Each structure stands twice: as structure tokens, then as C-alpha cells.
Ligand SMILES: Nc1nc2c(ncn2[C@@H]2O[C@H](COP(=O)(O)OP(=O)(O)OP(=O)(O)O)[C@@H](O)[C@H]2O)c(=O)[nH]1
Ligand SMILES: [Mg+2]
Ligand SMILES: [Zn+2]
């Protein structure tokens, strides 16, 4: 633990968390914010400096659901121990959370970040550029409570910036778009506006797009490790291996993330409706209210595609995301039913059944 005292407000503490902390304060606990999640412990910034902490046995016992476990950005109540370590008693209610469906076959929510104000969705303007991926990120961020911002990096090696910008504008509705070159330190001032004292921003995007490079430029030091991408396809090498929240010199926090290979939606569908509101508006205009937009007469969606007002690509991607959610909902409902059924039986049976459900094999 270092002895420097930290003003919690510069790292995001406010009346919302203060109110939710009252009962813990009375018990003599202190507030802290998770900066890093390790295998068994958590790094937590507190007024007393950084304290390595573990969750209490009681917390572990009461948290059946993994999504309640502390993640980077969470505010927690901790009890300080004599060995300068801490015990996490509770996670304070989150103002925002960014989740995905856990990678692999399990049907489970995985919360990756909490209490983030702005998410920079970073894409490379090289071979990495992929409009569908941006649409997917927008969908994931849409209901997180954080504000999305699109960042197109590596403008120095892009020969058709205007065309790519046009493509992004078509899908972004009112999400701000910034293009820059972290390498040449050009255009970074456009994202400095999001770095405010007390605010938290996170960078998301696939491996190799330059998230850590951007952070290094903003910090003015080479704190984060970066490494080159594969020439043939601009794929990164998964250089950043863990999520970490870093304090900026002028207050405010920035979160570096590892590039994610799999980014499945964890959603109820509202986020897709938000991000694809153009398509939903069109379908309201179809002659039949249950129009499937395949062969019905008076279909506004098909009309718009024929007139070039809606890209067939975008429409198909919309359908794909909808399907993904439909499938997710089926799995969630099945799991709910089994949990319900198991309530009447013994605990061990319940656990077995849920495991079976989650492993998707049945
Ligand atoms: N040409 C060019 N290269 C860049 C730019 N920004 C970053 N790079 C390079 O892209 C490579 C990957 O950058 P990183 O910052 O490691 O990418 P990352 O997104 O953090 O990747 P992961 O940690 O693997 O998720 C490095 O070789 C950087 O030097 C840029 O603006 N232009
Ligand atoms: Mg990185
Ligand atoms: Zn239709």
C-alpha cells in the first residue's frame, strides 16, 4: 500500500455511491474502486492508497451469480486488515455495466466493466476495418449506460478515409466519430474532451487496433505494452492480457482492455432496436403489421432496399443480431424453467441441472 492519499471524487466517487455506502460506513468499512481483477484477488484504490483485496466468505456464499462479482470500475465496501490487505464486503450498485454473453457454450452473463461514462469503440482503418463489428459494438454499448464514441485509428495508413467515414456515418446515427493516428500523434485532441476529472472512459476493440497505443499517447508515457500486427491481415497479437484502470494525471480514469475474440450479445433485444431504429421505423410502414419483409406487397423495408435507401447488408446484419438474441432468449428461458423445477428438489440436484443447462449439451 502506498501512503499517498487519493481524493475519491477525482476517480468517480459521487453522491450516488455515497448514498449507497451509508450502511457500510456505519460498520467502519471504507470505499474503494477496483482497478484490476487478478486470479484470486482484486486491486482496489482507496483513500489510503492501493489495497490488494479478496472477497469475504460471506460475499462469496451469497453471490450465486457470477455477474455480482466485482469487475474493473466497480465501487466496493472493504474492511481493511492489519496486514494492509482488504476484504471486499459488498459491491455497490452499478451506474452502468458492460456485459456480453460469456465466450463459449455457457448461457451466462459476463460483466466486463462497471461505472464507465464513455466507451471508445476503436477500429483500425487498415484491414481490421469492419462495419458489422462496429454495429455489434454499438449494440453492446447501447444499453450499458455508458456513452458510445467511435474512434477510427491508423488514419496514416488509410487511403480511402472519406469513403470509410461515410460508411460509418451511415450506421452511427448520433454517435460521435473521430479519426486519428495514435502513431503520429494526430487527432488525439478530439478524444481529450472525454477525459474529465471524475469520469471514466474505456477503450474497446479487437486486438491490434491501437487501444494501448492511444492510452500511451494520452498518458505521455509508454506505460502499456504494444506490439505490431500481422502484416497480411492486420490482426493483433493479444498484447494486452488483462483489463486495467489507469489514473490520468489530471484526474479521470481510463481502462485498457484486451482485444476480444468473441463478442456475443447479452441482451433483451431493445439495444438492437435502438441501434437499428431506421429499420424498425421502416417496418412500421409495411402494409401488413406482421410483414416478414420477404415477399409481401407494400413492404417498406424491401422498397427502401430497392431504392438504395437501406443497405441490404445492414438489413441482413440486423436479422442476424435479432436471431442471436432469439436463440439467447430460448436458452435463458430453458435455464429459468430448470432452475424453477429444481427449487422443489435438493440443492445438489439443482446445481447439477443448471450446470447441464449451462453447458448447452442437453
Ligand atoms: N500505422 C499505425 N499504426 C498504429 C497506430 N496506432 C497503433 N499502431 C500500431 O498497431 C499495433 C498494435 O497496437 P496496440 O496498441 O498494441 O493495439 P491494441 O489494440 O492495444 O491490441 P491488444 O492489446 O492486442 O488488444 C502496434 O504496432 C502499434 O504501433 C496508428 O495510428 N497508425
Ligand atoms: Mg493493448
Ligand atoms: Zn415489410
ask   = Build a GNM of the chain with springs between Cα atoms under 10 Å: which of 308, 73, 236 gets the top mean-square fluctuation?
value = 308
task = Please find, in a Gaussian network model of the chain (springs between Cα atoms separated by less than 10 Å), the residue of 129, 288, 17 whose mean-square fluctuation is greatest.
result = 288
ask   = Counting pairs of Cα atoms in the stretch 267-318, how many percent are more than 13 Å apart?
value = 57 percent
request  = Let me have the relative contact order for the chain, percent, based on Cα pairs under 8 Å that are six or more residues apart.
outcome  = 14 percent
task = Please give the direction-averaged projected area of the C-alpha convex hull for the chain, in square nanometres with one decimal.
result = 22.1 nm²
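In nm, what is the difference between 0.36 nm times the number of residues separating residue 228 and residue 289 and their Cα-Cα distance?
Details: separation 61, 0.36 × 61 = 21.96 nm, distance 5.15 nm.
Gain on stretching residue 228 to residue 289: 16.8 nm.
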ask   = At what distance in nm do the modelled label points of residue 20 and residue 296 sit from each other, each positioned 7 Å from its Cα along Cα→Cβ?
value = 4.2 nm
Distance (nanometres) between label positions extended 7 Å along Cα→Cβ at residue 47 and residue 186 = 4.8 nm
note = Expressed in angstrom and rounded, the centroid-to-centroid distance over alpha carbons for the stretch 201-262 and the stretch 85-109 is 21 Å
task = Among DSSP beta bridges whose residues both lie in the stretch 147-288, state the antiparallel percentage, nearest 5.
result = 45 percent
inquiry  = Cut-off 10 angstrom, C-alpha nodes, Gaussian network model of the chain. Which of 60, 337, 147 fluctuates the most?
reply    = 337
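Please label the shape of the stretch 60-167 as rounded, prolate or oblate, based on the square roots a ≥ b ≥ c of the eigenvalues of the alpha-carbon gyration tensor (a/c under 1.5 means rounded; beyond that, a/b larger than b/c means prolate, else oblate).
Working: a/c = 3.01, a/b = 2.24, b/c = 1.35.
Prolate is the answer for the stretch 60-167, as a/c is 1.5 or above and a/b outweighs b/c.
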request  = Nearest 5 is fine: what % of DSSP beta bridges in the chain come out antiparallel, could you say?
outcome  = 60 percent
Shape call, the stretch 8-91: gyration tensor on alpha carbons, a/c limit 1.5 = rounded
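Using 0.36 nm per residue, how much length does the chain from residue 261 to residue 238 gain when fully extended, once their Cα-Cα distance is taken away?
Working: separation 23, 0.36 × 23 = 8.28 nm, distance 0.93 nm.
Computed gain between residue 261 and residue 238 is 7.3 nm.
Once every DSSP H run of n ≥ 4 in the chain is given -39500 (n - 2.57) and the sum is divided by its residues, what mean residue ellipticity at 222 nm do you get, rounded to the nearest 500 deg cm²/dmol?
Details: 11 runs with 120 residues, N = 362.
It lands at -10000 deg cm²/dmol.
How long is the gain from residue 85 to residue 320 if the chain were fully straight, where each residue apart is worth 0.36 nm and the alpha carbon distance is subtracted? Let's see the in-between values first.
Values: separation 235, 0.36 × 235 = 84.60 nm, distance 4.73 nm.
That pair, residue 85 and residue 320, stretches by 79.9 nm at full extension.
In percent, how large is the relative contact order of the stretch 97-256, given Cα pairs closer than 8 Å and 6 or more residues apart? Let's see the in-between values first.
Values: 290 pairs, mean separation 34.7, N = 160.
It rounds to 22 percent for the stretch 97-256.
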key: Relative packing of 34-47, 115-128, which averages over residues the other C-beta atoms within 10 Å, highest first   = 115-128, 34-47
ask   = By the gyration tensor of its Cα atoms, with a ≥ b ≥ c the square roots of the eigenvalues, what is the shape of the stretch 97-256: rounded for a/c under 1.5, prolate for a/b over b/c, or oblate?
value = rounded
ask   = How far apart, in nm, are the 7 Å Cα→Cβ label points at residue 147 and residue 39?
value = 4.1 nm
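Computed from the coordinates by the stated procedures, all read-outs in this text should not be read as laboratory data. What you are looking at is a predicted structure, and each value in this text was computed from that prediction instead of being measured. Cβ coordinates were reconstructed from backbone atoms using ideal geometry, including for glycine residues, and neighbour counts include every protein chain displayed.
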